[in-house]
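What follows is one structure encoded as structure tokens, with my remarks underneath.
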Amino acid sequence: MTSSPTRYRGRTAALATRHGKRTLIAAPLRALGLEVVVADEVDTDRFGTFTGDRARLGSARDTVEAKARAALASAALPLGLASEGTFGPHPASPWITLEVELVALVDDDTGMVVVGRARSTEATWASHPVAGERELNTFLSTVGFPRQGVVVQTEAHPADAVKGITDLAALHEAIADAALRHLDQQVLVVTDLRAHHNPRRRAVIRAAAADLAARLASYCPTCSSPGYGTEGSEPGRDCAACGTPTNETAALIWSCPSCRFEHRAPVPGYADPTWCPQCNP
């Protein structure tokens, strides 16, 4: 890996967001001399919503690139930015929530797409079926309401979801309204996963933007294009106790988004026997 002054110094990129992500993404990129403006005309909800009232049609990687391309087209700029997040069970345990955030830069001049990534197991992703007042208050306290916003919805009618609730009176009103309109449905209070209502998610988006900035300052040893960074990994690191291959990362795969050069970098050391299928089946 080699580094050199960024080719994006003094340039401007358009960001697709309606949920206050500019400050999170702009700060790391400003260190490279890249300014960020919001593409106000892009309706990011049309690419999918967390509440399910609009389905996401492609993968997170496809979606973040589509958003960024919509931003640059809307702002008539050659550089577009966007972020996309996913929440789901951790591969190692269904009881742990894994949040993955992507922040992508699309360079229409070169055709290059560079994606920064960050992961977290500290996501505020929770759902509570409305039953008693005490249980609801416990849930709200646990998730950090009102700083953490919530959504009131039913599973069968996601289009009727009331989002961005940060006031107790508004919450009770939304619950009562949902119960009246959908008598046969369980009313749910769920954490609002949109960035401007989810403090923990904002931190992960900021980390993904920092990863993007690092990649843009990292140049391919073969073609000298920016964006060189880790794009994958290989499992199989040997157990420290018995030498059995585990699911722990054995090597990181570095890749160039421009010329597709790849380099396999072995991870030194051995895996913790805790994760060994032989020592801890």
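The values are calculated or read from the model by the stated rules, or taken from the named source; none is laboratory data. Remember, it's a predicted structure, so these values are computed and weren't measured experimentally. Positions of Cβ are generated from backbone atoms using ideal geometry, with glycine treated the same way; all protein chains shown enter the neighbour counts. Accessible surface areas use protein heavy atoms only, side chains included; no ligands, DNA or RNA. Shrake-Rupley method; radii C 1.70, N 1.55, O 1.52, S 1.80 Å.
Values for this structure:
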| read-out | value |
| --- | --- |
| Test: Ala14 is buried (at least 19 other Cβ atoms within 10 Å of the Cβ) and in contact (Cβ under 8 Å) with a residue 40 or more places away in the chain | yes |
| Qualifying residue in the stretch 102-125 (condition: modelled with pLDDT of 95 or more, closer than 28 Å to His157 by Cα and open to solvent by less than 20 Å² (accessible area, probe 1.4 Å)) | no |
| Positions within the stretch 182-204 being assigned to a loop (DSSP other than H, G, I, E, B), at pLDDT 95 or above and open to solvent by 20 Å² or more (accessible area, probe 1.4 Å), in sequence order | Arg194 |
| Any chance Thr17 is out of contact with any Asp or Glu (no Cβ under 6 Å at 6 or more places or on another chain), at pLDDT 95 or above and over 29 Å from Pro221 (Cβ atoms) | yes |
| Where a residue in the stretch 85-97 is surrounded by 11 or more Cβ atoms within 10 Å (Cβ to Cβ) and its partner, wherever it lies, is of a type in the set (Gly, Ala, Ser), with Cβ under 6 Å and at least six apart | Thr86/Ala60; Phe87/Ala123; Thr97/Ala123 |
| Qualifying residue in the stretch 64-72 (condition: in contact with a helix residue (DSSP H, G or I) (Cβ under 7 Å, 6 or more places away or on another chain), open to solvent by 20 Å² or more (accessible area, probe 1.4 Å) and of a type outside the set (S, T, N, Q)) | yes |
| Whichever residue in the stretch 205-222 is open to solvent by less than 10 Å² (accessible area, probe 1.4 Å) and not in a helix (DSSP H, G or I) and, among such residues, is nearest to Leu98 (Cα to Cα) | Ser218 |
| Condition broken by Glu35, with the remaining ones in (1) open to solvent by less than 60 Å² (accessible area, probe 1.4 Å); (2) in contact with a Ser or Thr (Cβ under 6 Å, 6 or more places away or on another chain) satisfied | (1) |
| Scan of the stretch 126-150 for residues that are over 18 Å from Arg201 (Cβ atoms), aliphatic (A, V, I, L, M) and open to solvent by 20 Å² or more (accessible area, probe 1.4 Å), ordered by number | Val130, Ala131 |
| Selection count, the stretch 34-52, where residues are closer than 14 Å to Ala209 by Cα and assigned to a loop (DSSP other than H, G, I, E, B) | 1 |
| Of the criteria (1) touching an Asp or Glu at 6+ places or on another chain (Cβ under 6 Å); (2) in a helix (DSSP H, G or I), which one Val151 fails | (2) |
| Output for the stretch 223-248, where each listed residue is farther than 20 Å from Arg61 by Cβ and in contact with a strand residue (DSSP E or B) (Cβ under 8 Å, 6 or more places away or on another chain) | Ser224, Pro235, Gly236, Arg237, Asp238, Cys239, Ala240, Thr244, Pro245, Thr246, Asn247, Glu248 |
| The stretch 123-166, residues that are in contact with a strand residue (DSSP E or B) (Cβ under 8 Å, 6 or more places away or on another chain), within 23 Å of Ser93 (Cα to Cα) and not small (Gly, Ala, Ser) | Thr124, Trp125, His128, Phe139, Val143 |
| Members of the stretch 18-33 that are closer than 13 Å to Ala213 by Cβ and either among the β-branched types (Val, Ile, Thr) or in contact with a Gly (Cβ under 6 Å, 6 or more places away or on another chain) (or both) | Ile25, Gly33 |
| Any chance Ala169 is closer than 23 Å to Gly144 by Cβ, open to solvent by 40 Å² or more (accessible area, probe 1.4 Å) and part of a helix (DSSP H, G or I) | yes |
| Only one of Cys259, Cys279 that is surrounded by fewer than 18 Cβ atoms within 10 Å (Cβ to Cβ), in contact with a helix residue (DSSP H, G or I) (Cβ under 9 Å, 6 or more places away or on another chain) and part of a loop (DSSP other than H, G, I, E, B) | Cys279 |
| Any chance Gly48 is open to solvent by less than 70 Å² (accessible area, probe 1.4 Å) and within 25 Å of Ser225 (Cα to Cα) | no |
